[in-house]
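Student: A single structure is presented below for examination.
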Amino acid sequence: MEKKVIYSAVQPSGNLTIGNYLGAIRNWVKMQSEYDCFYAVANMHAITVKQEPAELRRRTLELAALYIACGIDPEQCALYVQSHVPQHAELCWVLNTIAYVGEMSRMTQFKDKSQKHAENINMGLMDYPVLMAADILLYGAQCVPVGADQKQHVEIARDLAIRFNNRYGETFAVPEPLILKGGAKISSLQDPTKKMSKSDENPNASVFLADDRDTIIRKFKRAVTDSDNAIRASDDKPGITNLLNIYCAFRPCTLEEAEREFEGKGYGDFKLAVGETVADALAPIQEAQKKLLSDKTYLAEILKGGAEKAYKAARRTLSKVYRKIGFYQGE
Ligand code: TRP
């Protein structure tokens with residue numbers, strides 16, 4: 001039986017947080033042996049907001065190295081840089097002609113980013129979900145593991161696949177978002193009602209994968225909690241619940257086990273334990289990433305191999321699409 005296809009990507013903009021790791025990359029690792037996986041560094045998406053060119057280039061490599069450091073095996077998956085495979089832009093153009101301005105302007109992320117980058121509401125920002133649909137549909141991905149904030153974008157990819165298939169005949173697999181529990185929703189340490197974000201202005205709100213041990217422990221010490229002193233998860237205790245979720249995800253253990261472990265303990269001890277657990281879990285990843293980044297030739301080789309694998313699959317799909325829509329492709 002053919003393996004199911006999985007597609008996912010992260011943008012090389014900003015530093016990744018533990019939320020990105022738990023919600024995305026860590027789960028990708030678990031899926032790689034069972035599925036046919038395509039994992040990209042979405043640099044084409046990244047330029048929908050202003051990027052410093054040298055920094056974008058550096059972050060692209062850092063992110064690729066991080067994938068591998070987290071356990072993505074480039075032999076098993078296609079690990080590549082989005083702009084290395086030109087079919088993403090080509091399919092995006094075709095999908096643009098069946099995507100409506102109305103639906104794109106209603107997307108939550110577009111509205112948020114338009115507010116945040118009011119001086120730069122460019123066409124790419126609005127087209128972002130269509131490019132993402134192209135990413136997914138090029139590989140016939142049935143399943144797209146993402147954080148909860150990307151669910152709406154995967155739904156647009158579904159809508160576009162169905163719309164295209166209705167208009168031109170069965171062409172695309174219809175993808176499903178896979179919102180992974182336990183880590184898909186890690187909140188800000190400073191405002192636990194908000195998602196932990198890589199672009200939060202408050203540096204204490206997010207724990208980055210690149211943070212050193214002292215920084216991690218300090219951020220958890222300063223995490224906003226409540227004036228009660230019970231360490232248990234509940235809706236009216238969003239700060240403690242978030243810390244418990246983070247602790248359980250990294251330890252790993254169940255909520256009940258963690259609640260039992262910290263019964264009768266104070267918030268100070270608990271926060272320190274969370275910080276230490278996270279720092280311990282990140283140390284080997286940081287070490288492995290550093291080692292990979294010291295050998296750029298090896299990394300470039302890996303990414304070239306990944307792009308070749310992706311290119312083969314993408315070319316097949318695009319050729320089919322061009323045939324369906326009536327693009328002359330020679331004899
Ligand atoms: N938009 C995603 C994010 O910011 C990254 C992304 C780009 C992606 N293309 C994708 C995710 C395709 C899943 C599938 O997190």
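The values are calculated or read from the model by the stated rules, or taken from the named source; none is laboratory data. Everything quoted here is computed from the prediction, not taken from an experiment. Reconstructed Cβ throughout: ideal geometry from the backbone, glycine too, with neighbour counts over all protein chains shown. Heavy atoms of the whole protein, side chains included, go into the accessibility calculation; ligands, DNA and RNA do not. Shrake-Rupley method; radii C 1.70, N 1.55, O 1.52, S 1.80 Å.
Student: Contour minus end-to-end for Lys291 and Arg323, with contour as 0.36 nm per residue of separation and end-to-end as the Cα-Cα distance?
Tutor: Difference between extended and current length: 7.0 nm.
Student: Would you kindly enumerate the cysteines in the chain that have no other Cys beta-carbon under 4.7 Å from their beta-carbon?
Tutor: Here Cys70, Cys92, Cys143, Cys248, Cys253 come out as lacking a disulfide-compatible partner, given the Cβ-Cβ threshold of under 4.7 Å.
Student: OK, next. Taking only Cα atoms of the range 174-331, what ratio of Rg to Rh do you get with Rh as the Kirkwood inverse-distance radius? It would help to have the intermediate numbers written out before the result.
Tutor: Numbers: Rg = 22.2 Å, Rh = 18.9 Å.
Ratio value, two decimals: 1.17.
Student: To continue, here is another question. In nanometres, what is the gap between the two model label sites at Val29 and Glu75, each 7 Å from Cα along Cα-to-Cβ?
Tutor: 1.7
Student: Now, a different point. Give me the accessible area per residue for the chain, probe 1.4 Å, as a whole number in Å².
Tutor: Solvent-accessible surface per residue comes out at 49 Å².
Student: Considering only DSSP states other than H, G, I, E and B, which GluC sites (Glu not before Pro) in the range 128-228 qualify as loop sites with at most 14 other Cβ atoms within 10 Å?
Tutor: Those satisfying the criteria are Glu170, Glu201.
Student: Mean 1/r over all different Cα pairs, inverted: what Kirkwood radius does the range 213-290 give, in Å? All intermediate terms of the calculation are to be shown ahead of the outcome.
Tutor: Numbers: mean 1/r = 0.0781 Å⁻¹.
12.8 Å is the Kirkwood radius here.
Student: Then there is this: Mind giving me the FRET efficiency for Arg58 and Asp280? R0 is 35 Å, r the Cβ-Cβ distance, nearest 0.05 is fine.
Tutor: Values: r = 27 Å, r/R0 = 0.78.
Taking R0 as 35 Å, the efficiency between Arg58 and Asp280 is 0.80.
Student: Same structure, new question: Mind ordering 227-237, 57-67 by average Cβ neighbours within 10 Å, highest first?
Tutor: Result, highest mean first: 57-67, 227-237.
Student: Past 26 Å, Cα to Cα, is the threshold; run Lys185/Lys312; Lys4/Lys324; Lys198/Lys219; Lys111/Lys290; Lys194/Lys271; Lys111/Lys304 against it and keep the listed order.
Tutor: Those over the limit are Lys185/Lys312; Lys111/Lys290; Lys111/Lys304.
Student: Counting pairs of Cα atoms in the chain, how many percent are more than 35 Å apart?
Tutor: Cα-Cα pairs of the chain separated by over 35 Å account for 25 percent.
Student: Further, regarding this structure: How much mean residue ellipticity at 222 nm does the chain get from its helices, if each DSSP H run of length 4 or more adds -39500 (n - 2.57) and you divide by all residues, to the nearest 500 deg cm²/dmol?
Tutor: So the calculated ellipticity at 222 nm is -16500 deg cm²/dmol.
Student: If I fit a long axis through the Cα atoms of helix 267-293 and take the longest principal axis of the Cα atoms of the chain, what angle between them do I get, 0 to 90°, rounded to 10?
Tutor: On a 0 to 90 degree scale, this one is about 40.
Student: Rounded to a whole number, what % of the accessible area of the chain do carbon and sulfur atoms account for, probe 1.4 Å?
Tutor: On the chain, the fraction of accessible area on carbon and sulfur atoms equals 51 percent.
Student: Could you give the angle, 0 to 90 degrees to the nearest 10, between helix 53-69's Cα long axis and the longest principal axis of the Cα atoms of the chain?
Tutor: Result, in degrees: 70.
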